[in-house]
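The values are calculated or read from the model by the stated rules, or taken from the named source; none is laboratory data. Here the structure is a predicted model, which is why all the values come from computation and not from measurement. We place every Cβ from the backbone using ideal geometry, glycine too, and count neighbours over all the protein chains shown. Just the protein is used for accessible areas: all its heavy atoms, side chains included, with ligands, DNA and RNA removed. Shrake-Rupley method; radii C 1.70, N 1.55, O 1.52, S 1.80 Å.
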Amino acid sequence: IPVFILTGLLVHCVFLVSIFDIYFSSPLVHGMTPQQTPLPPPAKRLVLFVADGLRADSLYALNSNDTPQAPYLRSILENNGSWGISHTRVPTESRPGHVALIAGFYEDVSAVTKGWKENPVEFDSVFNESKYTWSWGSPDILPMFAKGATGGHVYTFCYSAESEDFGAQDASKLDMWVFDHVKSFFNSSRSNQTLFSALNEEKVVLFLHLLGIDTNGHAHRPNSREYKENIRKVDEGIKEIASMIDSFYGNDGKTAFILTSDHGMTDWGSHGAGHLSETLTPLIVWGAGVNYPQKVTSQIFEDNFLEEWKLENFKRLDVNQADIAPLMASLIGVPFPLNSVGTLPLEYLNNSAHFKAESMFTNAVQILEQFKVKMYQKKETTLSFLFTPFTPLRDSEQINFLRKMRLYIQQQKYDEAVSLCKTLINLALEGLSYYHTYDRLFLGLSIAMSFVGWTTYVILMIIKTHTNLTKTVQTNNKESSVLFYGFAFVGMIIAFFLLIQRSPWTYYIYCLLPVLVWYAVVKE
């Protein structure tokens, strides 16, 4: 009995661990070549404001007296920039949201093993590709992007972790800390020639992580006075910082600004799931290279937000959260993050048709590079006669796509080039998913066979030990030997196939376990 119990525990441990290998393996690949738009970018620098936990409706909706919750940002939306809703994905947590914004890929599900607090796999980001990045905010978010950066050009300024008191009366002081430190940082640069020179370089990113709204939302709920007051303070702070930065650079018109959020929040102050209040976040973009407001007479959306927010005459440009990373890269002319799966939202760009086509071409090639690496990795670990390629993007099809896209750009048929780029991006993303889940059916069937076999074995043992339905049968040594060698032969064939395919050691466990379990079943 003790051996039976220990065996059962071991088998169930394998079942549990298999879930992570089958469904929670990292989709990230490495070895791609950086891709950068060849034309000069519209902006020299980018300022990214992320208001943690800010819901789209909390920012865009008007107060009961028809005044905006954030007057400065509302005026930007109506007079200076483009706006929309950024659609996040589950889990709607701070770290996954920031990774999607800054690195361009959605949650690496293997991060569940780290409690969504850290990514177990290294990844590229807009910060890493920049010349310099300075960031201010929470110690839970900023170090993650500095840790993965190469060359020590990502600088972080954080308040203490103890300051993040979710029960505080007024958490907006966290945001005031950020605004005050950014102001003093720029003031100090005037007497520091090295810093002053670095700030005047191209490809510079300034990142302000504003945690106060999220903290007040948890403590007081999103409909509270504290939450709304925090939005007003953030609005004033952004106005001051934008004015100060423009003044610092002599109003050269080379600064792009982005305001967004990592996730929203439910009415009861939680987030992490997929309710619309958690997944709909604001996006306002203005400055160098960004389209001015586009007036329209009618817009068709499934929701009624435009009427509720009284924004029906200003074109709403919705994006997926990962699309913001290629937008930032395009604005300041850095390579798109290597692991990004975002599609550049062209309607936000105020640039030539040639620039847009080249940017989309870069975007398509960057995602295709990931597809090629993923395909090569899977091809290397699968026998040639068993390998089933993703047919829409065979090598010949890839070459054909790239040749046509480049030809359209040379012939100045930019709309056709952009359309073809979008088709290639969609196919490459499909192909990435195809190869990432390539072994899922095979592994799932192995585990299912083991599970059914183990359940059958347990039933047999219960019948043998707790009922009188069985009768004693004399053991035939010859039959036992044939049974043993038969199953051993099957096991050797499976192990041989796994060996020549250079499969991970865990695959041996998942594929040989059903052989052992069913041998025990047949033997009983």
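Screening the chain for whole DSSP H helices of 30 Å or more along their axis (Cα) with average Kyte-Doolittle hydropathy at least -1.0 returns 2-23, 225-248, 353-380, 414-436, 440-466, 477-500.
Among LEU402, MET360, VAL341, whose Cα projects farthest towards the positive end of the dipole of segment 306-409, with charges put on the beta-carbon of Lys, Arg (+1) and Asp, Glu (-1)? It is LEU402, whose Cα lies furthest towards the positive end. Computed extension gain for GLU201 through LEU276, at 0.36 nm per residue and net of the alpha carbon distance, reaches 23.0 nm. Ordering ARG45, ARG89, ARG225 by accessible surface, largest first, gives ARG225, ARG89, ARG45; the 1.4 Å probe counts only protein heavy atoms, with every chain in place. Note on the chain: helix-only mean residue ellipticity at 222 nm, from DSSP H runs of 4+ residues weighted -39500 (n - 2.57) and normalised by residue number, equals -16500 deg cm²/dmol. Would you list which aspartates and glutamates come within 18 Å of LYS404, measuring only between C-alpha atoms, while excluding same-chain residues fewer than 8 positions from it? Here the aspartates and glutamates satisfying the reach criterion relative to LYS404 are GLU358, GLU369, ASP395, ASP415, GLU416. In the full protein context, the chain carries 47 Å² of accessible surface per residue, based on a 1.4 Å probe and ignoring ligands, DNA and RNA. Counting protein heavy atoms only, the chain has 58 percent of its accessible area on carbon and sulfur, 1.4 angstrom probe.
Shown here for segment 225-306: GluC sites (Glu not before Pro) in loop regions (DSSP other than H, G, I, E, B) with at most 11 other Cβ atoms within 10 Å, namely GLU302.
As a calculated quantity, the FRET efficiency between LEU6 and THR33 at R0 = 56 Å, using C-beta atoms, amounts to about 0.65. Residue ranges 210-220, 454-464 sort as 210-220, 454-464 when ordered by packing (mean number of other C-beta atoms within 10 Å per residue, highest first).
Taking Cα centre as origin and charging only the Cβ of basic (Lys, Arg, +1) and acidic (Asp, Glu, -1) residues, the dipole magnitude of the chain rounds to 1480 debye.
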